[in-house]
1. Criterion first (surrounded by fewer than 17 Cβ atoms within 10 Å (Cβ to Cβ) and over 17 Å from the mean Cα position of the chain (by Cα)) does B:Ile162 satisfy it?
2. Among the residues of segment A:244-275, count how many are among the hydrophobic types (A, V, I, L, M, F, W, C) and at positive phi.
3. Collect the residues in segment B:361-406 that are in contact with a helix residue (DSSP H, G or I) (Cβ under 8 Å, 6 or more places away or on another chain), free of Cβ contacts under 8 Å to residues at least 12 places away in the same chain, assigned to a helix (DSSP H, G or I) and surrounded by fewer than 19 Cβ atoms within 10 Å (Cβ to Cβ), keeping them in residue-number order.
4. Which of the residues belonging to segment A:212-234 are out of contact with any helix residue (DSSP H, G or I) (no Cβ under 9 Å at 6 or more places or on another chain) and either charged (D, E, K, R) or farther than 24 Å from A:Pro39 by Cα (or both)?
5. Could you list all residues from segment B:44-53 that are free of Cβ contacts under 8 Å to residues at least 12 places away in the same chain and either acidic (Asp, Glu) or surrounded by 10 or more Cβ atoms within 10 Å (Cβ to Cβ) (or both)?
6. Taking segment B:165-189 as the search range and keeping residues that are away from chain A (no Cβ under 14 Å) and of a type in the set (A, V, I, L, M), which one is farthest from the chain's Cα centre (by Cα)?
7. What are the residues in segment A:110-139 that are outside any strand (DSSP E or B) and under 9 Å from A:Val215 (Cβ atoms), if any?
8. Can you name the condition, by its number, that B:Asp266 falls short on among (1) touching a residue at least 12 places away in the same chain (Cβ under 8 Å); (2) under 16 Å from B:Leu364 (Cβ atoms); (3) out of contact with any Phe, Trp or Tyr (no Cβ under 9 Å at 6 or more places or on another chain)?
Amino acid sequence: MSFCSIRNATIVLALCILLFACVDGEEALTIKGSDTVLPLAQKLAEVYMKKHPERIVVVTGGGSGVGVAALIERNTKVANTSRLIKKTESALAQRRGIQPVRHVIARDGITVVVHPENPIDGLTLDELKALFSGRIRNWKELGGEDENVVLYSREVSSGTYAFFKDAVLGKTNFAQAANLMPGTGSVVQSVSQTRGGIGYIGVAYLNDKVKGLNVAKQAGSEYIEPRSEHIESGIYPLGRELFQYSGGIERDSLVRDWFEFVYSDEGQRIVRQIGYIPVR
Amino acid sequence: MITKAKPMQHSRDNESKPFQKVGGLTRIRERIIEAVLFLSASTAVFVIFAMAFYLFSEGGKLFTHSPVDEYIEIIANKSNPVEVLTPLEIGDLQSGKIRNWNTLSDFDAPVHFVNTRDFMEGTSPDNEEVHSRRLLDFVKATPGAIGYVFKDFLERPEDFRIIKVPTTDPGTFLLGSQWYPTVEPAQILGILSMILGTLYVTIGAIVLAVPISLGSAIYLSEFAGSRMRSIIKPVIEILAGIPSVVYGFFGLVVIVPFLQDLFNLDSGQSGLAGSIILALMIVPTIVSISEDALKAVPKTLREASLALGATKWQTSYKVVVPAAISGISTGVLLGVGRAIGETMAVLMVTGNAAVIPEGILSSLRTLTATIAAELGEAPQGGIHFEALFAIGAVLFLFTLSINIIADLISKKYEVKL
């Protein structure tokens, strides 16, 4: 008897899987990649599917690298990234006959955060470089309290890590002593409970538990607050672009239609709603 | 049961024909069942072999090629006599730690390390070909210049000094102290800091867990009344059932700030926080195995000891524990194995700085945490990916040797008893 019911359950399960597989097969637009872009892409897909009920958009995360890898393997039609495609990736894509096309869908900024009781309000890019490469080890060297600097970085696979390294450290490496946190949440948590802590997060994640710093391009220039209007106008030094790469849109009407929606007034309104900055 | 067993016995005992006919079907069924049971039992063996094979073949690839991506060529000015550079030297040239080539050879020229990002001005960031051409022109014209480009864009390699990077060898991999798996052009892959991190955290966990576990096991087996037992035993077992992510979260918000205040640390994210969490997680393993071992000690030994006038504690300490030592050490070593393999909770509380730890109170990174944090985005088949598999192989060898030691110990003492 129980054997029978197990068999029935198995059959039902198999049918369900088959059904999903069929639905997935035809009109689905697959989007994959960066966890930073994920909430935006999900919201866009939600609204897009309401407008076109016959179409299915499947959005998944995994990280910028995962998205680009899937694009190269033709496992996804669109890749979300929070960084430019790497040289090795574009070489690989060209060898597989794919010409990745870059679409800037939104702007975002990185905020440097410190403990709320840290008296420092702003730093220059050079000072940030000296801090994160391990050259400055105590806050009093920057006019702060006598407190050791504790660095909170992200894991090496994060797009935010890659952006911060390019924008702030350039060819220098992060200090070996930098703590690597598995997510934005743990960076905020750690900085909030460490008096000498400093970390970097996406602007949208800033909250009261930590203090966001103003950043100046060089000594003597103005310290800019990480606010949307400053990122939009491009004067905030740690602004970055968020991308979607397609593998050559002209052939696929579904992909073309998707980008028309992303760049429409409605699409760009969603960008603002999620906490990023529209590109048009 | 009886009908099943009977023909079996007959067919085994004598091979005469009438019985064979009766037992034929049953015997086939028995054979099939035995085969199925054998298959289930051998799944574990198969899985271990498949896993070891995969780990070692993927990880081994790391040592067969240079740590520079196959699409990239590192080039220097033709006048530069240097031909071979290690990833560490390339890193130092790039970060400005080596400022003049005369540190490496008798060639006297300031180092100019360039990449295509330096030549992006006025073009689209995607126009790699233009950037590469500008870079090549720069390297050709500047004596101290070094840079890297796509092989496809290097049309006249004879105009440049092509820099070779030696293959990663197991020695530098195991004993290298720097871990920068995503730097371009040559990845710096040394895991010594993580091996030490794993050892520190594991040893700390064992030091904390063994006394507690042994105490609980002795209490449960020798002292506790049945009422006390029925309360304490299930509670200890619940510890084993809590997901490790919950331990990690608890550690991050409770233990980390506590240690920070207690030792007046810059940050409480430290090896000790990892050890405490791990100790909590391995206590149930050690307790249950040790308690079984203590219980298995024959009652006559205890009675003899008590009859000689020894107290309960003296009996436990001098007679029961020594008699059960093989089981207890197995339990401890299995705890060690679990501690080495635990990932998530440790990842959340140790801070994960890939630096050789100064002590148990500094931030450190374990082997498992590295795999967990980085595997997600390491491109499959790349050097980083292979390096993570090689770490997996190192972990596999760690656990394997611990299991072998556990086996040897339990055998050695079993004979004595």
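1. Taking the combined requirement at face value, the residue satisfies it.
2. Residues that pass the stated criteria total 0.
3. B:Gly376
4. A:Asn214, A:Gly220, A:Ser221, A:Glu222, A:Tyr223, A:Glu225, A:Glu229, A:Glu232
5. Once the filter is applied, which keeps residues that are free of Cβ contacts under 8 Å to residues at least 12 places away in the same chain and either acidic (Asp, Glu) or surrounded by 10 or more Cβ atoms within 10 Å (Cβ to Cβ) (or both), segment B:44-53 yields B:Phe46, B:Val47, B:Ile48, B:Phe49, B:Ala50, B:Phe53.
6. In this case the residue turns out to be B:Val165.
7. Those that are outside any strand (DSSP E or B) and under 9 Å from A:Val215 (Cβ atoms): A:Leu125, A:Leu128.
8. Unmet for B:Asp266, out of (1) touching a residue at least 12 places away in the same chain (Cβ under 8 Å); (2) under 16 Å from B:Leu364 (Cβ atoms); (3) out of contact with any Phe, Trp or Tyr (no Cβ under 9 Å at 6 or more places or on another chain): (1).
The values are calculated or read from the model by the stated rules, or taken from the named source; none is laboratory data. These figures come from a predicted structure and were not determined experimentally. Reconstructed Cβ throughout: ideal geometry from the backbone, glycine too, with neighbour counts over all protein chains shown.
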